[in-house]
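Read-outs: derived from the displayed coordinates by stated rules, not from any lab. This one's a predicted model, so the numbers in the text were calculated from it and none came from an experiment. Backbone-built Cβ (ideal geometry, glycine too); neighbour counts: all protein chains shown.
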Amino acid sequence: AADVHLPLTSIPDLAVDLPSPLATLDARGITAWFGDHQVLDRVSLTMPAGEVTALIGPSGCGKSTFLRILNRMHELVPSASLAGEVLLDGVDIYDTGRRLTEARRDIGMVFQKPNPFPAMSIYDNVVAGLKLTGIRASRDEKDHLVERSLTSAGLWKEVKDRLRQPGGGLSGGQQQRLCIARSLAVKPKVLLMDEPCSALDPTSTRVIEETMGELQKEVTIVIVTHNMQQAQRVSQQCAFFLASQGQPGHIVEHGDTAEMFDAPIDPRTYDYVNGRF
Ligand code: ADP
Ligand code: MG
């Protein structure tokens, strides 16, 4: 509740195009429950600075839960609990001394279904996260942020002449890039993407994949995908999650993406990446 009344603070470097230092996200021994239903068991994974890490595995194995733990959304579910640590460049994001808004500002999230505010203008959609995460910006700073964020999301050229039109008027693929721009506007260190292309056509998917190649130079990316070709195209690291025979979700195997697809160690990984499961 204290966060709601957070005084707005200026963050001067927001309006400057200095690259933010890239950050590594480290999950250690993450175990998670909904009530007494355990859904993750001791998941440890390093998501290196400047790389794209892909999380793959069948539905229900806890990938989305894991992502929500990485930006403190899991705790919004009343029945949810967890053990373990999440470190962003060595700093525990669950440290109670840090404000929740700060942790959320550092770690942005994009969902499967694009969710811009449909009636809100494209411009206002991009800056929507500023106030929520405690950032005050002048009109000029906002103009600059909007251009920079839309450029990074690969959408600027398509929308620069209609920034005052509603976000809901864009195509599905453009709406998803608008959501990426909205996440980027607060200069996060990590961008979490939960099946960001599952609701999109192949052309829009390709545009987003191309955008990610540039994006990873400014933000560490973690993506959940069911598309094995996509995992190979966009990621350098890969983790295979499984929740077999009533076991909670856990990582069977992780490492370099090319190695994992070319020479998986575990036969279950082999079957999954080859479409046999
Ligand atoms: P995935 O993203 O890999 O498909 P999820 O993280 O969505 O898996 O789900 C993992 C498990 O947690 C599933 O058994 C699912 O039913 C359960 N689960 C997910 N969200 C909730 C929730 N809000 N309340 C109770 N159970 C949930
Ligand atoms: Mg999911």
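Take the cross-link list K131/K187; K187/K217; K63/K189; K63/K157; K160/K187 and give me the ones stretching past 23 Å between alpha-carbons. Violating the 23 Å Cα-Cα cut-off are K63/K157. Label sites at D143 and S59, each approximated as a point 7 angstrom past Cα along Cα to Cβ, lie 4.8 nm apart.
Charge tally for V110 (other residues, Cβ to Cβ under 12 Å; Lys, Arg +1; Asp, Glu -1): +1.
Can you show me the helix-derived [θ] at 222 nm for the chain, built from DSSP H runs with n ≥ 4 at -39,500 (n - 2.57) apiece and divided by the number of residues, rounded to the nearest 500. Don't skip to the end; give the middle numbers.
Numbers: 10 runs with 91 residues, N = 277.
Calculated at 222 nm, the ellipticity per residue is -9500 deg cm²/dmol.
Relative to the current alpha-carbon distance between K113 and D256, full extension at 0.36 nm per residue lengthens the span by 48.6 nm. Taking 20 °C and 1.002 mPa s as the conditions, I'd like the Stokes-Einstein D for the chain in µm²/s, using the Kirkwood hydrodynamic radius from alpha carbon pairs. Translational D for this selection: 111 µm²/s.
What number comes out for the charge environment of D256, summing +1 per Lys or Arg and -1 per Asp or Glu over other residues with Cβ under 13 Å away?
Residues close to D256 contribute a combined charge of -4.
Between R72 and D41, what is the spin-label point distance in nm, taking each point 7 Å from the Cα along the Cα→C-beta axis? The two pseudo-label positions are separated by 3.0 nm.
Return the inverse of the average 1/r over all pairs of distinct C-alpha atoms in the range 86-242, which is the Kirkwood hydrodynamic radius, in Å to one decimal.
Evaluated over the range 86-242, this radius sits at 16.1 Å.
Remark: the S244-A199 segment gains 13.5 nm on full extension, using 0.36 nm per residue and subtracting the alpha carbon distance. Once the Cα atoms are used to define both axes, helix 122-132 deviates from the longest principal axis of the chain by about 80 degrees.
Each peptide in 218-228, 118-128 receives the mean, over its residues, of other Cβ atoms within 10 Å, and ordering these scores from highest gives 218-228, 118-128. Taking the chain as the reference, fit the longest principal axis to its C-alpha atoms, fit the long axis of helix 172-184 to the helix C-alpha atoms, and give the angle between the two in degrees, 0 to 90, nearest 10. With rounding to tens, the tilt is 80 degrees.
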